[in-house]
Structure formats: structure tokens, C-alpha cells
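Everything below concerns the one structure shown next.
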Amino acid sequence: MSEELPTTKPAGHDLTVEEITDALTAEWDNPLRDERDRRLPRIAGPSGLVIFGVTGDLSRKKLMPAVYDLANRGMLPPGFSLVGFARRDWEDQDFAQVVHDSVREHSRTDFREEVWQQLAEGMRFIPGDFDDDTAFKQLRAAVDELDTSRGTSGNYAFYLPYPRSSSRRSSSS
């Protein structure tokens, strides 16, 4: 890697981000792995997901439970972060409660408190709308803080649903 990983310990962890990454990227052979299987044989390094419109049905019923299921199966890195962005006047803990309830109701794997606690440590919520510059500055600050505290180093995926009303508008032009 060309970038230095932070050597600080993520909150609630005994190992540094570098030690966790080294352990996750160590070479090992899986005797059950089929040679034709093209999936990555290891877990990605610290990363995050920013979900715009996180209060919608798709997020509550599919995306958030799927993220939890990946964490529950050990397929997400310990430093994983989840950032929600929506037009609600919520705090981080309100968002965490909505995710918790969604996971309990819709996940495909059994709920485990230790997995939930690890996932919840990396959750943040940013209230705002797409034309709100202040909200995007808050989003940037949250991502920067997670880069430092969780070791994500800018490694984020962004989920941006496209509203049906926008598709009607753009198809008529």
C-alpha cells in the first residue's frame, strides 16, 4: 500500500488498524475453496458505506439488514462505518435505533449483540437535503472523523437511489 494506515486503535479494539489489516490480509489456503470461484478470498480493509435517502423502505428492509448480515458472517472489516444521510432531524443514536430495529426485523442471520455493538460504533447520521451545502460539509466532517477513528482512509462506497419522480422528469425532457 502506498498510504500509511493510522496506528491508533479504533474505539473498543485491542489491536491497531495496522495489526487488524495485517491479520486480515495474511496469506492462507482454504481447502474447501473451489478454484473456479472468482470471489475475493479475503475481507477488505477498513471501509464504509454512505447511504443517501437512508430513511426509505429499501434501506430499512434490504440495505441495512444486508450490511448487518455481512458483519454477522464476518465479511466486513472491524473498522467498517455506515453513514446515513436523509431529511430527518435525527441524531446518531436515533439512526442507530432505526438500523437496530430494521436489522432485528429483516436480517437473514440471527441477531448477535457483539456484532451489533461493533457495527454501531461506526454509525453516523447527517440530516440534510441534496441542495443543503451545510449538510454536505457535515457529511465531509463525519467521513473525515471516521477516517481517523476507524481507519477507513477514504475507502467509501456511496449509495444514491434515484427517485422515480426524477426519472419521469428527465425522460420528458
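Of everything in region 36-61 that's at pLDDT 70 or above and either hydroxyl-bearing (Ser, Thr, Tyr) or exposed (fewer than 13 other Cβ atoms within 10 Å of the Cβ) (or both), which residue is nearest to the chain's Cα centre (by Cα)?
If we take residues in region 36-61 being at pLDDT 70 or above and either hydroxyl-bearing (Ser, Thr, Tyr) or exposed (fewer than 13 other Cβ atoms within 10 Å of the Cβ) (or both), then Ser47 is nearest to the chain's Cα centre (by Cα).
Identify the residue in region 65-86 that is without any contact (Cβ under 8 Å) to a residue 60 or more places away in the chain and touching a Leu at 6+ places or on another chain (Cβ under 8 Å) and, among all such residues, is nearest to Phe136 (Cα to Cα). Looking at residues that are without any contact (Cβ under 8 Å) to a residue 60 or more places away in the chain and touching a Leu at 6+ places or on another chain (Cβ under 8 Å), I get Phe85.
Looking at Asp131, Asp89, Asp144, Asp110, which is the one that is surrounded by fewer than 12 Cβ atoms within 10 Å (Cβ to Cβ), over 17 Å from Arg60 (Cβ atoms), among the acidic types (Asp, Glu) and free of Cβ contacts under 8 Å to residues at least 24 places away in the same chain? Just a single option satisfies the conditions, and that option is Asp131.
Restricting region 62-77 to residues that are open to solvent by 90 Å² or more (accessible area, probe 1.4 Å) and either at pLDDT below 85 or in a loop (DSSP other than H, G, I, E, B) (or both) leaves a set whose member that is nearest to His106 (Cα to Cα) is Arg73.
Exactly one condition in (1) open to solvent by 70 Å² or more (accessible area, probe 1.4 Å); (2) modelled with pLDDT of 70 or more; (3) farther than 30 Å from Asp132 by Cβ is not met by Thr7; state its number. The failed condition is (2).
The values are calculated or read from the model by the stated rules, or taken from the named source; none is laboratory data. Worth saying up front: this structure is predicted, and the values here are computed from it rather than measured. Reconstructed Cβ throughout: ideal geometry from the backbone, glycine too, with neighbour counts over all protein chains shown. Calculation scope for accessible area: heavy atoms of the full protein, side chains included, ligands and nucleic acids excluded. Shrake-Rupley method; radii C 1.70, N 1.55, O 1.52, S 1.80 Å.
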